[in-house]
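The block underneath contains the structure these notes are about, expressed in structure tokens.
The numbers here are math on the coordinates, done by the rules we state, and not lab data. Bear in mind the structure is a predicted one, so any value in this text is a computation, not a measurement. Counting neighbours? That spans all protein chains shown, and the Cβs are built from the backbone with ideal geometry, glycine included.
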There are 2 protein chains.
Amino acid sequence: MHVVATIIAKPESIDLVESELKKFIAPTLKEEGCIAYDLHRDNNNPATFVFYEEWSSKDLLDKHLQSPHLTAGLAAMAGHLESVEVLELTKY
Amino acid sequence: MHVVATIIAKPESIDLVESELKKFIAPTLKEEGCIAYDLHRDNNNPATFVFYEEWSSKDLLDKHLQSPHLTAGLAAMAGHLESVEVLELTKY
């Protein structure tokens, strides 16, 4: 399965959010079931970050969402985000 | 560069939109500069479709957006879409 997660930082928190999201990449790529985990930034809005992810199963994605590094990062970003949208997708 | 395009069909137009979007894939993959062009559907909302794309340049992406098959498909979907959001992205 695939995921597109769109994270919008508050204007005053862009650098903090960018730094926290970048910390997710290395440990996540080592997680069981992680096939792809690519972070992007919106060329037209520096506050908008997009992950494109591929996971071998929904269960392993859910395990990822409970992982220590994700939990710690989300805690560090608490109050610094405008929105987080996670779309779970099936590729044609 | 990368693109995430999120297309939401009107509830009564899901099949039409799905069919039109699927028609984009083959001709687009043949276009100059097209590195990746993957269509997905939201597992939790059958009206929501997401393209994840990679292009070798912004110019060639713009050329794609003016291509005959995209123009024809967008015309065929006119009035059948709730929203279209195209994010132009830079990958870390």
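Here's a check for you: in segment B:4-43, which residue that is over 24 Å from A:Thr6 (Cα atoms) and among the polar types (S, T, N, Q) is farthest from the other protein chains (Cβ to nearest Cβ)? The residue in question is B:Ser13.
Among the residues of segment A:44-68, how many are at the interface with another protein chain (Cβ under 7 Å from one of its Cβ atoms) and farther than 18 Å from A:Glu82 by Cβ? The total comes to 1.
Every test in (1) within 25 Å of A:Tyr37 (Cα to Cα); (2) within 14 Å of another protein chain (Cβ to nearest Cβ) is passed by B:Ser83 save one, and that test is (1). Scanning segment A:68-81 for residues that are surrounded by 12 or more Cβ atoms within 10 Å (Cβ to Cβ) and within 14 Å of the chain's Cα centre (by Cα) turns up A:His69, A:Leu70, A:Ala72, A:Gly73, A:Leu74, A:Ala76, A:Met77, A:Leu81.
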